[in-house]
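Accompanying notes for the structure given below.
Taken together, the values in this text are just the output of simple stated rules run on the coordinates, not laboratory data. Quick caveat: nothing in here was measured; it's all calculated off a predicted structure. Reconstructed Cβ throughout: ideal geometry from the backbone, glycine too, with neighbour counts over all protein chains shown.
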Amino acid sequence: MAAQRGADGGEPGLIWERPEPPSRPTPSPLSRDRIVAAAIELADADGLEAVSLRKVAAALDAGPMRLYRYLSTKEELLDLMGDAVYGEIPAPEPADGDWRGTLRSLAHDTRQAVLRHKWFADQLAGRPHLGPNALAHLEASLTALYGAPGLDDIDTVMLVIDAVNAYLVGAIRKEISVLHAERVTGMDEEQWQRATGPYISRKLATGRYPTLSKVVQDATHPNADTTFDTGLDYLLDGIAARIAR
């Protein structure tokens, strides 16, 4: 989490605690919201590597130095971008006994936000987010689960949320890596399978991979949505069994 020294030279002030500068009448007005929106648009199109203060300033028809009135570093910009995405994720409904439904909706809503902003997957795997939207989302998640049957201990609630988040990050990163490969190679999944099919067939014909051969020939190979749902159900079944013990 990026920070800068306070005006008195004392403890660093996080971006969340620093007031936004007053607006000025200019041909290209700026605000943190406008800066973040422009940065997210760049990242959605070309990834985080496309985001720099210079490029964001150009997108806003402003000089780069003007952005430093609103934030100090690119790291602060990334923090603001991540918090903006948290603001898109609906707060989970109270469990009311159905903690599985609460966790399932939490996972699905987060996955949809990441699929809209693929760069956000890496931020999910990092340190805890401290922005107002992230904190509100975590508070709503904890509140929705705490006190549900089997979840009357706050440590258990945290472990359950961490387990779901770990599955979510892994599953989404895998899904996004496939989409990234399609963009880089210009081949979708079907085209890639046709291109690699002869090689795989030759390898399977050696007889050294009998179980893999069964996977290739007999497995159903569900789509990304079904794969995500099924894996999530496996995880929730395991959580239910642990709670029951």
(request) Report the one residue of Ala84, Leu232, Ala62 whose Cα lies farthest in the direction of the positive end of the charge dipole of the chain (charges on C-beta: Lys and Arg +1, Asp and Glu -1; origin at the Cα centre). (result) Ala62
(request) Would you mind getting me the FRET efficiency between Gln217 and Arg242? Use the beta-carbon distance for r and R0 = 41 Å, nearest 0.05. (result) 0.70
(request) For n ≥ 4 DSSP H runs only, could you compute -39500 (n - 2.57) per run for the chain, divide by its residues and tell me the 222 nm figure to the nearest 500? (result) -20500 deg cm²/dmol
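How much length, in nm to one decimal, is gained on full extension between Arg208 and Ile154, taken as 0.36 nm per residue of separation minus their Cα-Cα distance?
Values: separation 54, 0.36 × 54 = 19.44 nm, distance 4.94 nm.
Full-extension gain reported as 14.5 nm.
Could you list Leu80, Leu14 so that the one with the fewest beta carbons within 10 Å of its beta carbon is first and the one with the most is last? Don't skip to the answer; put the middle values down first.
Working: Leu80 22, Leu14 15.
So the ranking, lowest neighbour count to highest, is Leu14, Leu80.
Rounded, prolate or oblate: which one fits the chain, using the alpha carbon gyration tensor with axes a ≥ b ≥ c (rounded when a/c is under 1.5, else prolate when a/b beats b/c, else oblate)? Can you show the working numbers first?
Working: a/c = 2.92, a/b = 1.37, b/c = 2.12.
It is oblate, given that a/c is not under 1.5 and a/b is not larger than b/c.
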(request) Would you kindly state how much longer the chain becomes between Leu115 and Ala195 on full extension, computed as 0.36 nm times their sequence separation minus their alpha carbon distance, in nm to one decimal? (result) 26.2 nm
(request) Starting from the Cα of Lys74, draw a straight line to each of the aspartates and glutamates and keep only those under 13 Å, dropping any in the same chain fewer than 8 residues away. (result) Glu49
(message) Which one, Ser201, Trp16, Pro128, projects farthest toward the positive side of the charge dipole computed for the chain from Cβ point charges (K/R +1, D/E -1)?
(response) Ser201
(message) Need one number: nm distance between label points at Lys174 and Asp162, each 7 Å from Cα along Cα→Cβ, rounded to one decimal.
(response) 2.2 nm
(message) At R0 = 51 Å, how high is the FRET efficiency between Tyr68 and Ala91 if r is their beta carbon distance? Nearest 0.05 is fine.
(response) 0.90
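For the stretch 3-85, what is the relative contact order in percent, using Cα pairs closer than 8 Å and at least 6 residues apart in sequence? Before the final figure, lay out the partial values.
Details: 68 pairs, mean separation 22.9, N = 83.
In percent, rounded to a whole number, it is 28.
Got the relative contact order for the chain handy, in percent, Cα pairs under 8 Å and 6 or more residues apart?
Details: 194 pairs, mean separation 37.4, N = 245.
15 percent.
Can you tell me how much longer the chain between Ala136 and Ala58 gets when fully stretched, taken as 0.36 nm per residue apart minus their C-alpha distance, in nm with one decimal?
On the way: separation 78, 0.36 × 78 = 28.08 nm, distance 3.23 nm.
Contour length minus the Cα-Cα distance gives 24.9 nm.
Note down the magnitude of the dipole of the chain about its Cα centre, charges +1 on Lys and Arg C-beta and -1 on Asp and Glu C-beta and zero elsewhere, to the nearest 20 debye.
On the way: 26 positive and 35 negative charges, 209 e Å.
About 1000 debye.
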(request) Using Cα positions and a limit of under 27 Å, work out the lysines in reach of Lys203, with same-chain residues fewer than 8 apart set aside. (result) Lys174, Lys214
